[in-house]
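**Student:** Quick one: structure below, then a few questions.
The values are calculated or read from the model by the stated rules, or taken from the named source; none is laboratory data. Model, not experiment: these values are computed from the prediction. Methodologically, a virtual Cβ is constructed for each residue, glycine included, from the backbone with ideal geometry; neighbour enumeration extends over all protein chains shown.
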Amino acid sequence: MLGPGVTLGEAPTTDMPSRGGLWLWLPTLSMLLATWVSYVDRNTLALLAPSILADTDLSAEQYGLVVSAFSIAYVLGNLVWGRLLDRHGVFLSMAVASPCGRRRRSRTPSRRG
């Protein structure tokens, strides 16, 4: 006996199997994949910049402003989205975001001709 009413006993057991191994690395692997996709995306834009500039008749300065504006909007969007995910959870946030994205895409006119 360790004290009044306190005894050492067996640890409680659960019937759920342990999720070790790869399951523990899943968040790390998903962040690695997201970082890799972002890296490839930025490099692809840099590689295609000359043809984008030629096709859109933008100057290098204008193209830089467009890319900067996108980057700033991306950072601000991540701050807002991260706050929503923290507050409401991933499941609810994705359930709300998925139909919103589908509804927006359905209103966009198709360029197929």
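**Student:** If you go through segment 13-30 one residue at a time, do you hit one that is within 30 Å of residue 78 (Cβ to Cβ), modelled with pLDDT of 85 or more and surrounded by 10 or more Cβ atoms within 10 Å (Cβ to Cβ)?
**Tutor:** yes
**Student:** Within segment 69-91, does at least one residue satisfy the condition of being part of a helix (DSSP H, G or I), modelled with pLDDT of 90 or more and over 30 Å from residue 27 (Cα atoms)?
**Tutor:** no
**Student:** Tell me whether segment 31-53 contains one or more residues that are of a type in the set (Gly, Ala, Ser), at pLDDT 90 or above, in a helix (DSSP H, G or I) and surrounded by 10 or more Cβ atoms within 10 Å (Cβ to Cβ).
**Tutor:** yes
**Student:** Which condition does residue 36 not pass, out of (1) hydrophobic (A, V, I, L, M, F, W, C); (2) within 26 Å of residue 97 (Cα to Cα); (3) over 13 Å from the mean Cα position of the chain (by Cα), if it passes all the others?
**Tutor:** Answer for residue 36: the failing condition is (3).
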